[in-house]
Amino acid sequence: QQGFQGTVNLEIDGQIVPAIIKEVQNDMMSRNVVHVDFQHLSQDEKIKLSVPIVLKGREKVEGSDKIIQQQLSNLEIQCYPKDIPEEIEADAEILAKGEALTVGDLEILKDENIEVLHEPEEVVATLTYAAKYDEPAAEEDDETEEIVEVE
């Protein structure tokens, strides 16, 4: 599954080993999985990983003249395996106030079990306004050409 960052249990030599999917490589043409990298999880060791950011409430902010530009789609965090979130939710409605959504706006910063490895000022998303383009009306050519025949 593309973008999956959850934990899995692998059976190796008859033992269950907790792990996390670090990277999935897909065939460029068929999109079939070619290779998967796993990292062993130790319950008493913190792990660094990337977790997807999901913008909630997009539909309330975007419109025919407004589009959300998401600059940061994953957040690098460090935590114990038991605290790994599947995704990080961000409130897109902050953008309606005319401000950029930054890492500092994310609720995950309040979770003392998770260390965010980005600066609070880093931009997650901004709201872009589409420019309206009015095509200029075709100008009437009031000048008439005089055709003179020469013999």
Would you tally the residues in the stretch 62-92 being assigned to a helix (DSSP H, G or I) and over 27 Å from I21 (Cα atoms)?
1
Can you name the number of the only condition in (1) at pLDDT below 90; (2) open to solvent by 100 Å² or more (accessible area, probe 1.4 Å); (3) in a loop (DSSP other than H, G, I, E, B); (4) not β-branched (V, I, T) that D44 fails?
(1)
Kindly indicate whether any position in the stretch 93-101 is assigned to a loop (DSSP other than H, G, I, E, B), out of contact with any helix residue (DSSP H, G or I) (no Cβ under 8 Å at 6 or more places or on another chain) and crowded, with 19+ Cβ neighbours inside 10 Å.
no
Could you please let me know if K22 is open to solvent by 80 Å² or more (accessible area, probe 1.4 Å), in contact with a Phe, Trp or Tyr (Cβ under 8 Å, 6 or more places away or on another chain) and either part of a strand (DSSP E or B) or free of Cβ contacts under 8 Å to residues at least 12 places away in the same chain (or both)?
yes
Looking at the stretch 114-126, I want the residues that are more than 12 Å from L72 (Cα to Cα) and have a partner that is of a type in the set (D, E) and crowded, with 16+ Cβ neighbours inside 10 Å with Cβ atoms under 9 Å, at least 6 apart or on another chain. Which pairs are those?
P120/D105
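The values are calculated or read from the model by the stated rules, or taken from the named source; none is laboratory data. None of the values given here were measured: they were computed from a predicted structure. Glycine also receives a Cβ, built like all others from the backbone with ideal geometry; neighbour counts cover every protein chain displayed. Ligands, DNA and RNA are excluded from the accessible area calculation, which covers all protein heavy atoms including side chains. Shrake-Rupley method; radii C 1.70, N 1.55, O 1.52, S 1.80 Å.
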